[in-house]
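Below is one structure, written out as structure tokens; comments come after it.
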Amino acid sequence: MPRAPAVSETCRTLSHDVYSSLLARARSRPGPMYPLHVGDTYREPWPGLRPESLPPTSRLYNYAPVRGEPTLLEAIRERTRRDYDLELPSESVQVTIGATGGLSVAAQTVLDPGDEVIVLAPYWPLIRGIVAARGARAVELPFFDRIGDRTFDPERALEEAVSERTAALYVNTPNNPTGHVLDAGALEVLVRFARKHDLWLWSDEAYAALAFGPLPLPLWRRAPERSLAFCTASKSYGVAGARVGWVHGPEAVMRAISGVQTFSTYCAPRPLQRGVAQALLHAGEWLDSARQAYRLAAGAAAESLGLPPPSGGTFLFFDVSATPAGRDGIERFLERAMEAGVLLTPGAACGQAYESWARLCYSAIPPDELDDALLRLAPLVSGGAQLGLPER
Ligand SMILES: Cc1ncc(COP(=O)(O)O)c(C=O)c1O
């Protein structure tokens, strides 16, 4: 008997509704509704990145080479040389449809169904589904809210999470959602663990350019033989809709990744690849001013909610269980925030251990609107928001 038309077993649990289930109700409410639930920016991108600003050339809207536009590949190599003092062989880079596309093709390339990926939590909400769409399993390891706590032993926690099916360890620092930046000591623990168990390291670099202080040498740079670095223009240059990212890693696996890229989406949007190439080389001032604006927004948001300021990225993440509006549960808290005009992400989207938490993106709206959103939110949180161990 042929199978009836149906959604595959693998994809049955995937939903597009990861960021807020309150959206439909929010749309019908009068008054301002501040969308702090999705990671985005209010800033207009650097003008030189726009396709209409590019020098007139032919074939701008034809297919690009699968690996990427030559000008973008060259700009990526130039920036890697400048920022990390490393010469990337050109065969070790693949341009992708954002970092999301990069992680998806990497998951297809290095995972088999039934494999496991240890995902340091709390995490960027899409990573779990990317792993699940491959028929693999994300093993969540609460980490960013615990590292630095004297009672937390990261080596032991990692050893408890590993199994015969573990193929990779996913790490995102600066972290979405906590804004935490792992220090050199923590990164070395992760590298030692990956080497001991012969695992891939997936180094998600989405916010590498948005750290508010100096960054340690990145994870991928410490173990290049087993690392895949996932990079994107979305966050640094405020062009999430352009869908331009890239992956780099050891040449042998990059050949396979380019093969998978060919059969999934072929190439990333060509005009935007050319624009991002210009941004990587010439938009340093734009990036500096974005980082400065986000740092100020982060400070204002953290202060108003009574939280320590984050070290990078574009988010705050906090436990609401002890807040005036959170005592009746997270759903009620998110509902009351929505009624006050602010949409937040439920913490469970970032990991099972974070049911009572909420995520706020402080870069999504301009500073004057953010001030208003924070005024509306503060009474719901006053004095009770916590950042730290859920069961401390
Ligand atoms: C940690 C992290 N990785 C990857 C991505 C995906 O970025 P892109 O827009 O390049 O697909 C995001 C987007 O929010 C993110 O926060």
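The values are calculated or read from the model by the stated rules, or taken from the named source; none is laboratory data. Remember, predicted model here, so these are calculated numbers, not experimental data. Methodologically, a virtual Cβ is constructed for each residue, glycine included, from the backbone with ideal geometry; neighbour enumeration extends over all protein chains shown.
One line per residue, one yes/no per condition, for (1) within 16 Å of the ligand (Cβ to nearest atom); (2) among the polar types (S, T, N, Q):
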| site | (1), (2) |
| --- | --- |
| ASN62 | no, yes |
| VAL66 | no, no |
| ILE76 | yes, no |
| ARG82 | no, no |
| GLU91 | no, no |
| ILE97 | yes, no |
| ALA106 | yes, no |
| THR109 | no, yes |
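Out of all the residues in the stretch 229-245, is one or more more than 14 Å from the ligand (Cβ to nearest atom) and surrounded by 23 or more Cβ atoms within 10 Å (Cβ to Cβ)? Outline the logic, then answer.
Step one: of the stretch 229-245, the residues more than 14 Å from the ligand (Cβ to nearest atom) are none.
Taking every residue of the stretch 229-245 in turn, none turns out to be more than 14 Å from the ligand (Cβ to nearest atom) and surrounded by 23 or more Cβ atoms within 10 Å (Cβ to Cβ).
Taking the stretch 154-188 on its own, how many of its residues are of a type outside the set (Ser, Thr, Tyr) and under 18 Å from ALA229 (Cα atoms)?
We begin by selecting, within the stretch 154-188, every residue of a type outside the set (Ser, Thr, Tyr); these are 154-162, 164-165, 167-169, 171-172, 174-177, 179-188.
With under 18 Å from ALA229 (Cα atoms) added as a condition, the list becomes 167-169, 171-172, 174-176, 181-184, 186-188.
Of the residues in that region, 15 qualify.
Among residues of the stretch 163-180 being within 16 Å of the ligand (Cβ to nearest atom) and over 13 Å from the mean Cα position of the chain (by Cα), the one that is farthest from ARG146 (Cα to Cα) is ALA168. Filter the stretch 347-372 down to the residues that are more than 22 Å from ALA297 (Cβ to Cβ) and either buried (at least 22 other Cβ atoms within 10 Å of the Cβ) or out of contact with any strand residue (DSSP E or B) (no Cβ under 7 Å at 6 or more places or on another chain) (or both) and list them by number. Within the stretch 347-372, ALA348, GLY351, TYR354, GLU355 qualify.
Going by the structure shown, is ALA206 touching a Lys or Arg at 6+ places or on another chain (Cβ under 7 Å) and within 13 Å of the ligand (Cβ to nearest atom)?
Values: touching a Lys or Arg at 6+ places or on another chain (Cβ under 7 Å): yes; within 13 Å of the ligand (Cβ to nearest atom): yes.
Yes: the conditions hold for ALA206.
Would you please name the residue that is nearest to LEU316 (Cα to Cα), looking only at residues in the stretch 18-41 that are surrounded by fewer than 16 Cβ atoms within 10 Å (Cβ to Cβ) and touching a helix residue (DSSP H, G or I) at 6+ places or on another chain (Cβ under 8 Å)? This residue is PRO32. Remark: pairs (first residue in the stretch 97-112, touching a residue at least 12 places away in the same chain (Cβ under 8 Å); second residue within 9 Å of the ligand (Cβ to nearest atom) and assigned to a helix (DSSP H, G or I); Cβ separation under 9 Å; 6+ apart in sequence or on different chains) = GLY98/ALA240; GLY98/ALA242; THR100/LEU126; LEU103/LEU126; LEU103/ILE127. Annotation note: Cβ proximity below 7 Å between a residue of the stretch 307-318 that is farther than 17 Å from LEU287 by Cα and a residue that is part of a loop (DSSP other than H, G, I, E, B) and aromatic (Phe, Trp, Tyr) (sequence gap 6+ or interchain) occurs for LEU316/TYR362.
Applying the selection to the stretch 373-392, what residues are at pLDDT 95 or above and either in a strand (DSSP E or B) or exposed (fewer than 15 other Cβ atoms within 10 Å of the Cβ) (or both)? Hit for the stretch 373-392 is LEU375, nothing else. Does ASP83 satisfy the condition of being among the acidic types (Asp, Glu), free of Cβ contacts under 8 Å to residues at least 12 places away in the same chain and closer than 30 Å to ARG336 by Cα? Answer is no for this residue. State all residues of the stretch 1-60 that are in a helix (DSSP H, G or I) and either in contact with a strand residue (DSSP E or B) (Cβ under 8 Å, 6 or more places away or on another chain) or within 19 Å of GLY275 (Cα to Cα) (or both); if no residue qualifies, say none. Once the filter is applied, which keeps residues that are in a helix (DSSP H, G or I) and either in contact with a strand residue (DSSP E or B) (Cβ under 8 Å, 6 or more places away or on another chain) or within 19 Å of GLY275 (Cα to Cα) (or both), the stretch 1-60 yields LEU23, ALA26, PRO47, GLY48, LEU49, PRO51, GLU52, SER53.
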